[in-house]
Amino acid sequence: MTRLEEFYEILKDPAAYGRKLKGEGRRKIVGYFCSYTPEEIIYAAGAHHFRLFGTGEAVHLADAHFQAYCCSLVRGALEGALAGHLGFLDGAVFPHTCDSIQRLSDVWRMNVKGPFHLDVVLPVKLDTDSAKAYMSDVLHKFRSDLESRLNITIGKEAMQDAIRVFNRIRGYLGRLYEIKAEHPGTISGSDLHTIIKASMIMSRDRLLEILPDIVTDLEKKKGQGDKPSGKRLVMTGGICNHPDIYRIIEEAGGVVVGDDFCTGSRYFEGITEIKDDPVAAIAERYMIRPPCPAKHAGLFTRAGHLVDIVREKRAQGVVFFFLKFCDPHAFDYPYLKASLDREEIPSIMVEVEDQLPSEGQLRTRFETFIEML
Amino acid sequence: MAEKKTESMNLVQEIFLYFLAGIRRTLLRFKKRKKIKEILTVYYMEAKSARISGRKVAWITSGGPVEPLIAMDVIPVYPENHGAMIGASKMGTDLCETSESMGYSTDLCSYARSDIACATVNGGPIGGLPRPDMLVCCNNICGTVLKWYEVQARYFNVPLFIFDTPFCHTGFSEEVRRYVRRQLDEYVLFLEEACGKKMDHERLSNVGKLSLEAQRLWQAVLDTTVNRPAPMSAFDAFYHLALIVTLRETREAVDYYSRLLERMNDRVARGIGAIPDEKHRLLWDNIPIWHRTRWLSEKFASHNACLVADTYTSAWCGSMKYIDENNFFDSMAEAYTRIYLNIGVDEMARMVLAMVDKYNVDGIVMHSNRSCKPYSLGQYDIAKIVEKERGIPSLIIEADMVDERSFSESQVATRIDAFMEMIKAMRQ
């Protein structure tokens, strides 16, 4: 199996991979939902954090708990748990983000049997001193909660080592994005997407074994036989569960050179400093990292960041890629679009549920959009 | 030029409103039985002429800490109450469509959508809300208000204060208390800067006492429906609620609810019910379907069913137990954080069970409200818990509080009929 195939294999059936890891018995497995989960702490606790996405299967069991106007990520995740696909989890962590994830935590706690369930109720504001102090308090509490649940002590050294591991991982993932932006033909959009997404599930030790080689290979390959790639695009939204979208965009004459996704650059941006209080250092990264729209980091921060990505990546257009019923993103859309319009950056909006709309329809929309650029 | 003309016309209008408000307020003072509509009219007139009276206007979320605003002489204005008025006057669909043409998704909260649209066209039942000087957003009711207030802060270009009350899934922790308490100080600083004067803490403490008194009276009013027949219904409560939302910290609200309580007690003494022949007692859950309250009220009454209580109107006094009358300011931290919607589904279910027992209800009517995820997601679990613990059935009505497009009258009517048949069969 090539290294790339390994990533594809994991995403094809994440639960099977979870069971396999569990079978190896080296680490307890902790499910989590969002990029504000303090991975470093879980890793330092000797556990493995395993990101949960919607199952992609038809929802039946979760229908008894959530209405149809709840997003497919939340419904799908609950479906997976109720169907018993996630029996390998030793616990689940719910950082507070939006109203739907908030209720998912409650309903999960009440209906899914598991050894432990931890809420990390982060601040919603990211731009005040008291919020920063609270962020640090909450993460410290998470650390001690985890210690008591797993019956261990997480030392400072272990925390600092974990931070180093994640800084390295984030560094490599960031480098992959840079290579993609410099020489888009070096790696396909779906391959890159698959690596990033699988890296939220895969054993982090294994990930660190293969990421350096992937980067080295691509560094060698880049620029060789660069064929004229398509029009440069940036994507923005919440989670992207659809590797096919990259292929469709590429076939329509575009190429994605950057994003503001929580399954993309928001996941790995920002380095955590090695400090005497490692937990406070993690809190600091959350305060300055590009924010999820469920958080508040100023009135124009997200638009500024999006325009910056477009400029930095020399992109010609933006694709808003939204999960239906995701309120925070839908609320930001008019203002983000207006900010792009002011900068004369064209954009297109695609809203998806668990499945992509018909490929033909999508292709036509992208072709029209890309031709216009 | 055109802008200048509109501006001076606005000014003339506001001066006119200012004097009219003065006259109406004086008249109201001498009126013995004040109607809620009259009180609210004067309130909105005063708010819309605040520029003339030199007072500041703050927009604030329905669950937000309003007492410091009153102590600073700021007029609080509630976009959610405005949303309810828009819904009740059936103007919601038009405004929601306007917001959709601005790029807002139809899946978003219809209070937010109609308010955002209304600000740009000054439409709606009262010609738009007065322009805010500042915005105060407390996320104890939802995350939607954060996004909504960000939109309005950009639109009006005014300062926004976010009062962040972390969600209490399973309890209230010390670090949350510290964080929220610190924000109370930040809030006071924010207001002092916006108003250019110092906070009078003694006044704040008095405002707090009035607010608490109004909340107690409101709870006492709601409690009168433990009687059979209930002297008022949840639909009446939806109407009388307006003051506890918008003017809870005023003498007016205290007077109004004192008299309302007298009236309800009198009805109880004389055995007068909200509906002619109360046979079945039901509990309402979620925000009212504002555009169909009368229809629903009549529909249930036709089955001799009275909605005797609800989880919505009692939310304004649900966290009274956390208020320390002698230390109002500090205790606001906990009271504003632990409100009904900011707690776990299991704790909400426990509160619903307590209401089921207290009001002795035979069934629950749940409005599954597309606009309100924190209120609606989790309803199915609450329904199951109540069914299991008390053997009481629930009816779920799919609708939206403002947007009429999500309501199918015939379908809902059929479901209500079927539900009532079941309740009747169970009683036999």
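When the range B:378-392 is examined, which residues are found to be more than 9 Å from every other protein chain (Cβ to nearest Cβ) and part of a helix (DSSP H, G or I)?
Within the range B:378-392, B:Ile382, B:Ala383, B:Val386, B:Glu387, B:Lys388, B:Glu389, B:Arg390 qualify.
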- State which residue is nearest to the other protein chains (Cβ to nearest Cβ) when the search covers only the range B:337-374 and only residues that are open to solvent by less than 30 Å² (accessible area, probe 1.4 Å) and closer than 13 Å to B:Ile396 by Cβ. B:Ser368
- Query: Among the residues of the range B:238-274, which ones are open to solvent by less than 20 Å² (accessible area, probe 1.4 Å), more than 28 Å from B:Arg405 (Cα to Cα) and of a type in the set (A, V, I, L, M, F, W, C)?
  - Reply: B:Leu243, B:Ile244, B:Leu247, B:Ala253, B:Val254, B:Leu260, B:Met264
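Quick grid of which residues meet (1) of a type outside the set (Lys, Arg); (2) more than 20 Å from B:Arg154 (Cβ to Cβ):
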{"residue": "A:Lys295", "(1), (2)": "no, no"}
{"residue": "A:Ala303", "(1), (2)": "yes, no"}
{"residue": "A:Ile309", "(1), (2)": "yes, yes"}
{"residue": "A:Glu312", "(1), (2)": "yes, yes"}
{"residue": "A:Leu340", "(1), (2)": "yes, no"}
{"residue": "A:Glu353", "(1), (2)": "yes, yes"}
{"residue": "A:Gly360", "(1), (2)": "yes, yes"}
- Item | Test for B:Asp115: is it away from every other protein chain (no Cβ under 14 Å) and either open to solvent by 10 Å² or more (accessible area, probe 1.4 Å) or within 16 Å of the chain's Cα centre (by Cα) (or both) | no
- For the range B:144-161, indicate whether the set of residues that are more than 8 Å from every other protein chain (Cβ to nearest Cβ), of a type outside the set (Val, Ile, Thr), without any contact (Cβ under 8 Å) to a residue 24 or more places away in the chain and under 21 Å from A:Asp332 (Cβ atoms) is non-empty. yes
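So that you can scan it fast, the table gives a plain yes or no per residue for (1) in contact (Cβ under 8 Å) with a residue 40 or more places away in the chain; (2) closer than 30 Å to B:Asn327 by Cα; (3) in contact with a Cys (Cβ under 9 Å, 6 or more places away or on another chain):
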{"residue": "B:Ser8", "(1), (2), (3)": "no, no, no"}
{"residue": "B:Val12", "(1), (2), (3)": "no, no, no"}
{"residue": "B:Phe16", "(1), (2), (3)": "no, no, no"}
{"residue": "B:Ser53", "(1), (2), (3)": "no, no, no"}
{"residue": "B:Pro76", "(1), (2), (3)": "yes, yes, no"}
{"residue": "B:His82", "(1), (2), (3)": "yes, no, yes"}
{"residue": "B:Met85", "(1), (2), (3)": "yes, no, no"}
{"residue": "B:Gly92", "(1), (2), (3)": "yes, no, no"}
- Task: State the number of residues belonging to the range B:162-189 that are more than 9 Å from every other protein chain (Cβ to nearest Cβ) and more than 25 Å from B:Ile70 (Cα to Cα).
- Result: 2
- Item | Scope the range A:332-358; condition in a loop (DSSP other than H, G, I, E, B) and modelled with pLDDT of 95 or more; matching residues | A:Glu343, A:Glu344, A:Ile345, A:Pro346
- Can you name the residue in the range A:324-341 that is without any contact (Cβ under 8 Å) to a residue 24 or more places away in the chain and within 24 Å of A:Cys70 (Cα to Cα) and, of all such residues, is farthest from the other protein chains (Cβ to nearest Cβ)? A:Tyr333
- Item | Long-range neighbours under 6 Å by Cβ, at least six apart or interchain, first residue farther than 19 Å from A:Ala283 by Cβ within the range A:147-161, second among the small types (Gly, Ala, Ser) and crowded, with 18+ Cβ neighbours inside 10 Å | A:Leu150/A:Ala45
- If we only count strands (runs of 3 or more DSSP E) wholly inside the range A:24-112, which ones have 2 or more residues that are in contact with a Cys (Cβ under 9 Å, 6 or more places away or on another chain), within 14 Å of chain B (Cβ to nearest Cβ) and open to solvent by less than 10 Å² (accessible area, probe 1.4 Å)? A:91-95
- Would you please list the contacts, defined by Cβ atoms under 6 Å and residues six or more apart or on different chains, that run from a residue in the range A:189-215 that is closer than 16 Å to A:Ser265 by Cβ to a residue that is in a loop (DSSP other than H, G, I, E, B)? A:His193/A:Pro243; A:Thr194/A:Pro243; A:Lys197/A:Thr263
- Note on the structure: Within the range B:98-112, restricting to residues that are open to solvent by 20 Å² or more (accessible area, probe 1.4 Å), among the polar types (S, T, N, Q) and part of a helix (DSSP H, G or I), the one that is nearest to A:His329 (Cα to Cα) is B:Ser101
- Does A:Ser105 satisfy the condition of being among the polar types (S, T, N, Q) and over 20 Å from the mean Cα position of the chain (by Cα)? no
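So that you can scan it fast, the table gives a plain yes or no per residue for (1) touching a Cys at 6+ places or on another chain (Cβ under 7 Å); (2) at pLDDT 95 or above; (3) open to solvent by less than 30 Å² (accessible area, probe 1.4 Å):
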site: A:Tyr172; (1), (2), (3): no, yes, no
site: A:Leu208; (1), (2), (3): no, yes, yes
site: A:Pro228; (1), (2), (3): no, no, no
site: A:Val234; (1), (2), (3): no, yes, yes
site: A:Pro243; (1), (2), (3): no, no, no
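Under 24 Å from B:Cys372 (Cβ atoms) and either of a type in the set (Gly, Ala, Ser) or not in a strand (DSSP E or B) (or both): is that true of B:Gly127 in this structure?
Working: under 24 Å from B:Cys372 (Cβ atoms): no; either of a type in the set (Gly, Ala, Ser) or not in a strand (DSSP E or B) (or both): yes.
No, not satisfied.
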- Could you run through the range B:147-193 and say how many residues are small (Gly, Ala, Ser) and surrounded by fewer than 18 Cβ atoms within 10 Å (Cβ to Cβ)? 2
- Would a scan of the range A:262-275 turn up a residue that is within 16 Å of A:Val319 (Cβ to Cβ) and assigned to a strand (DSSP E or B)? no
- Does B:Ile287 count as assigned to a loop (DSSP other than H, G, I, E, B), β-branched (Val, Ile, Thr), touching a His at 6+ places or on another chain (Cβ under 9 Å) and open to solvent by 10 Å² or more (accessible area, probe 1.4 Å)? yes
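Can you pull out the residues in the range B:13-42 that are in a helix (DSSP H, G or I) and either open to solvent by 100 Å² or more (accessible area, probe 1.4 Å) or touching a strand residue (DSSP E or B) at 6+ places or on another chain (Cβ under 7 Å) (or both)? Reasoning before the result, please.
If we filter the range B:13-42 for residues that are in a helix (DSSP H, G or I), which is where we start, we get B:13-30, B:36-42.
Within the range B:13-42, B:Gln13, B:Phe16, B:Phe19, B:Leu27, B:Arg29, B:Phe30, B:Lys37 qualify.
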- Note on the structure: Picking from A:Ala330, A:Ala280, A:Ala315, A:Ala294, the residue that is open to solvent by 20 Å² or more (accessible area, probe 1.4 Å) and of a type outside the set (Phe, Trp, Tyr) would be A:Ala280
- Of all residues in the range A:280-323, which are assigned to a loop (DSSP other than H, G, I, E, B), away from chain B (no Cβ under 13 Å) and either free of Cβ contacts under 8 Å to residues at least 40 places away in the same chain or not aliphatic (A, V, I, L, M) (or both)? A:Arg289, A:Pro290, A:Lys313, A:Arg314, A:Gln316
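The values are calculated or read from the model by the stated rules, or taken from the named source; none is laboratory data. Owing to the predicted nature of the structure, the values given are computational and were not obtained by experimental measurement. All Cβ positions, even for glycine, are placed from backbone atoms using ideal geometry, and neighbour counts span all protein chains on display. The area values use the complete protein model at the heavy-atom level, side chains included, leaving out ligands, DNA and RNA. Shrake-Rupley method; radii C 1.70, N 1.55, O 1.52, S 1.80 Å.
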